[in-house]
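Structure, as structure tokens:
The values are calculated or read from the model by the stated rules, or taken from the named source; none is laboratory data. Because the structure is predicted, anything quoted here is derived from the model rather than measured. Heads up, the Cβs are rebuilt from the backbone with ideal geometry, glycines too, and the neighbour counts pull from every protein chain shown. With ligands, DNA and RNA removed, areas are computed over all heavy atoms of the protein, side chains included. Shrake-Rupley method; radii C 1.70, N 1.55, O 1.52, S 1.80 Å.
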Amino acid sequence: MSPIKNDDLLNVAVEAALAASNLVMEASDRPRVTSHKGITDLVTETDLNSEKTIIAIIRSFYDDHTILAEETGQDTNISDYLWIIDPLDGTTNFVHGYPSFAVSIGLFYKNEPLIAVVVEMPNMRMYTAIKGKGAWCEGQKIKCSETKQLERSLLVTGFGYEHEENWENNMRLFKQFTDDTQGVRRLGAAAVDICHVAKGSADGFWEYDLKPWDTAAGILIAKEAGCMVTDLSGNQFDINDNNILITNGHIHQNMVNNIERYLN
């Protein structure tokens with residue numbers, strides 16, 4: 001069997017992401033049919049339809065690949081290729097008609113990120129990456145910022161649905177980094193946050209309690225744009241880790257040092 005070309009894999013990811021994002025945008029003006037995974041963890045009819053659309057397109061090309069999706073979990077296929085899907089990142093924003101939200105598709109090969117596509121909505125801005133080929137936004141190559149001082153940086157973070165110890169810790173970090181920098185933003189869609197760091201609109205991002213589908217695409221886009229990606233202690237990031245730190249590299253160690261200081 002001939003190896004699959006990375007460009008072909010990217011084309012399938014783009015096709016699936018565009019189809020899903022068009023579906024999401026078509027639903028954005030209709031009443032939202034919602035239920036709850038937890039007290040505040042929403043799932044909508046649109047999440048489910050988006051996920052079905054993405055999986056159907058991937059399956060039409062690669063029916064033996066493994067798929068891990070937010071709403072339906074991981075299938076039983078055993079493959080070196082693992083597609084990780086967030087059909088609607090920022091569901092709460094979507095339900096309230098508040099930007100931003102996204103479709104996120106990451107493809108791992110032998111446990112390493114290979115392909116990434118994020119479509120940021122409602123502005124329909126597409127970010128893509130192939131391992132070793134750079135990161136792109138709407139056909140233009142992107143790179144992270146050159147901000148070297150933490151006090152001159154703009155940061156982004158997010159808060160999980162569970163208001164437990166990590167939530168409390170993140171509140172402390174939010175307060176401290178707001179004092180240390182030019183500001184901290186909280187948009188509510190991790191995939192979009194990461195892409196904003198990748199394109200240099202923000203200088204760093206951290207968050208607790210993310211799932212693989214929240215970061216699978218974003219981390220490759222970030223790395224290909226020149227970002228540094230670790231956990232909050234500065235160790236190598238694993239897709240199953242429950243915390244993440246992504247920066248332009250220049251402010252990374254300073255953030256790691258401050259995080260350790262603020263939480264001890």
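Couple of notes before you dig in:
- Considering residues of the range 1-21 that are more than 15 Å from ALA56 (Cα to Cα) and either at pLDDT 60 or above or within 19 Å of the chain's Cα centre (by Cα) (or both) only, the residue least open to solvent (accessible area, probe 1.4 Å): LEU10
- Taking the range 70-179 as the region of interest, the strands (runs of 3 or more DSSP E) fully inside it that hold 3 or more residues being of a type in the set (A, V, I, L, M) and either in contact with a Lys or Arg (Cβ under 7 Å, 6 or more places away or on another chain) or touching a residue at least 12 places away in the same chain (Cβ under 8 Å) (or both) are 81-89, 101-109, 112-121, 125-130.
- For ASP193, the stated conditions hold: it is of a type in the set (D, E, K, R), on the phi < 0 side of the Ramachandran plot and crowded, with 21+ Cβ neighbours inside 10 Å.
- Residue ID - surrounded by the most Cβ atoms within 10 Å (Cβ to Cβ), chosen from residues in the range 66-78 that are among the polar types (S, T, N, Q) and within 23 Å of the chain's Cα centre (by Cα): THR66
- Sub-8 Å Cβ pairs linking a first residue in the range 184-196 that is touching a residue at least 12 places away in the same chain (Cβ under 8 Å) to a second residue that is buried (at least 24 other Cβ atoms within 10 Å of the Cβ) and polar (S, T, N, Q), at least 6 apart or interchain, are ALA190/THR215; ALA191/SER104; ALA191/THR215; ILE194/THR215, ordered by first then second residue.
- Output for the range 169-192, where each listed residue is over 12 Å from LEU245 (Cβ atoms) and either hydrophobic (A, V, I, L, M, F, W, C) or touching a Gly at 6+ places or on another chain (Cβ under 7 Å) (or both): MET171, PHE174, VAL184, ARG186, LEU187, GLY188, ALA189, ALA190, ALA191, VAL192
- Only a single item in (1) more than 19 Å from the chain's Cα centre (by Cα); (2) among the aromatic types (Phe, Trp, Tyr); (3) surrounded by 21 or more Cβ atoms within 10 Å (Cβ to Cβ) is not met by PHE174, and it is number (3).
Residues are listed down the side, and each one gets a yes or a no for (1) open to solvent by 40 Å² or more (accessible area, probe 1.4 Å); (2) closer than 26 Å to GLU164 by Cβ:
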| site | (1), (2) |
| --- | --- |
| GLU51 | no, no |
| ASP64 | yes, no |
| THR92 | yes, yes |
| ASN111 | yes, no |
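- Qualifying residue in the range 35-43 (condition: modelled with pLDDT of 95 or more and open to solvent by less than 40 Å² (accessible area, probe 1.4 Å)): no
- Filtered by the rule that a residue be among the hydrophobic types (A, V, I, L, M, F, W, C) and open to solvent by less than 10 Å² (accessible area, probe 1.4 Å), the range 113-131 gives ILE115, ALA116, VAL117, VAL118, VAL119, MET121, ALA129.
- Of all the residues in the range 142-168, those that are surrounded by 14 or more Cβ atoms within 10 Å (Cβ to Cβ) and of a type in the set (D, E, K, R) number 2.
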